[in-house]
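Below is one structure, written out as structure tokens; the observations come after it.
The values are calculated or read from the model by the stated rules, or taken from the named source; none is laboratory data. Source: prediction; values computed, not measured. Neighbour counts run over all protein chains shown; Cβ positions are idealised from the backbone, glycine included. Side chains included, ligands, DNA and RNA excluded: accessible areas come from the protein's heavy atoms. Shrake-Rupley method; radii C 1.70, N 1.55, O 1.52, S 1.80 Å.
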Amino acid sequence: MNFADLSQKELCEQVEAMLLPKFRGKQLFDAILNGQELDEISVFSQKLKQIFEKNYPKYKIFKKFEAKDGTKKYLIQFEDGAVVECVFMKYKYGNTICLSTQVGCRMGCKFCASTLQGLKRNLSAGEILGQLYLVNRDNGGSKKARVVTNIVLMGSGEPLDNFDNVCKFIELVSAQEGMNISRRNISLSTCGLVDKMKQFAEKQFDVSLTISLHATTDEERKKLMPIANKWSIAEILEACDFYFQKTGRRFYIEYTLVKGVNDGEEDALRLIKLLKGRTCHVNLIMLNPVKERNLKSTERQDAEKFCKMLSDGGISATIRRSLGQEIGGACGQLRNKFVSG
Ligand code: SAH
């Protein structure tokens, strides 16, 4: 049992089971959310610290990189030595943190660095939360005075491949007595695990669901994303419709533009046809270079043309601003070199 995996109520129950007063549970809970280490909790005696030592979270910031645009990439290390990356970004509407949900990834998308080493393991809910707590603190925030307002589950890993822990994370991070982050400010991005998307819709979490589509025919999609062998684009869109029915929330399509692969006029036309009449928004992403991959990004002016075609075709679309490229913090550049050596 790790304390970071527990709600305030569960933590207080644990503390009472240790025959200690309930308020110690609240103190523990606040310290964890403030990103403090056990040693830093001044209200605890040495003896109390010894009692809590075993179950207190031991993740820490291992390294930090800062880009000129204000983006910061953090390497967070867990108790077993595993390292993941998370990224802090400043946007006009608030500060956003991009969190990892797995160490590595087993989805095998051709353009993504996170999957190069395969899946090492899932992160627990507390380990996903820990990234937020540490980065919030490092940027001057606390539980009471949060500096992070938005969360995107777009770091390494496929969130729906770690379904239970990710759902628990969403419950804990949005709890009123917890970090109290609005579910409307949380985006979950998936490569399209259709069965899990439906299960997720049933939860009616009210988070923004984002689908990494990246192609307009199943044939083309299979070349970029192995998961396309399992689920068709039609099945994915049907699951998106189901999500809309269940939550009333529009969904988002992510479409990474790869030069000469998925950025032609015929692709734009097919995308319009696929999305017509659906309540969604398309985020076009310029491919970020990953040195092991041989794919090139579409030129800026061609991306703009593609975007305009979608808009003219009645599909809401924008090109996503890329942040943190120089520090390897942009989409698909996250990798785990500290684990694999
Ligand atoms: N596994 C989840 C979330 C992580 S990736 C998913 O597949 O959605 C977040 C987004 O970045 C996805 O849309 C992913 O396809 C995209 N991405 C991955 N590698 C990229 C790269 N090199 N350049 C641009 N976008 C990339």
Scanning the range 89-106 for residues that are away from the ligand (no atom under 14 Å from the Cβ) and either part of a loop (DSSP other than H, G, I, E, B) or of a type in the set (Asp, Glu) (or both), the one least open to solvent (accessible area, probe 1.4 Å) turns out to be Tyr93
Is it true that Arg250 is more than 16 Å from Phe163 (Cα to Cα) and free of Cβ contacts under 8 Å to residues at least 24 places away in the same chain? no
Pairing a residue in the range 131-160 that is farther than 15 Å from Phe29 by Cα and without any contact (Cβ under 8 Å) to a residue 24 or more places away in the chain with any residue that is away from the ligand (no atom under 16 Å from the Cβ) and outside any strand (DSSP E or B), where Cβ atoms lie under 9 Å and the two sit 6 or more apart in sequence or on different chains, gives Gly140/Val147; Gly141/Asn34; Gly141/Gly35; Gly141/Val135; Gly141/Val147; Gly141/Val148
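The rows are residues; the columns are (1) of a type in the set (Phe, Trp, Tyr); (2) under 24 Å from Ile151 (Cα atoms); (3) touching a residue at least 12 places away in the same chain (Cβ under 8 Å).
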{"residue": "Gly35", "(1), (2), (3)": "no, yes, yes"}
{"residue": "Phe52", "(1), (2), (3)": "yes, no, yes"}
{"residue": "Lys68", "(1), (2), (3)": "no, yes, yes"}
{"residue": "Phe78", "(1), (2), (3)": "yes, yes, yes"}
{"residue": "Cys86", "(1), (2), (3)": "no, yes, yes"}
### Message
On the basis of being without any contact (Cβ under 8 Å) to a residue 60 or more places away in the chain, out of contact with any Ser or Thr (no Cβ under 7 Å at 6 or more places or on another chain) and not hydroxyl-bearing (Ser, Thr, Tyr), does Lys47 make the cut?
### Response
yes
**Prompt:** Would it be correct to say that Asn283 is within 20 Å of Met154 (Cα to Cα) and either assigned by TED's automatic domain parsing to the domain that holds Lys63 or away from the ligand (no atom under 16 Å from the Cβ) (or both)?
**Reply:** yes
| task | For Ser208, state whether it is surrounded by 18 or more Cβ atoms within 10 Å (Cβ to Cβ), more than 23 Å from Thr256 (Cα to Cα) and among the small types (Gly, Ala, Ser). | result | no
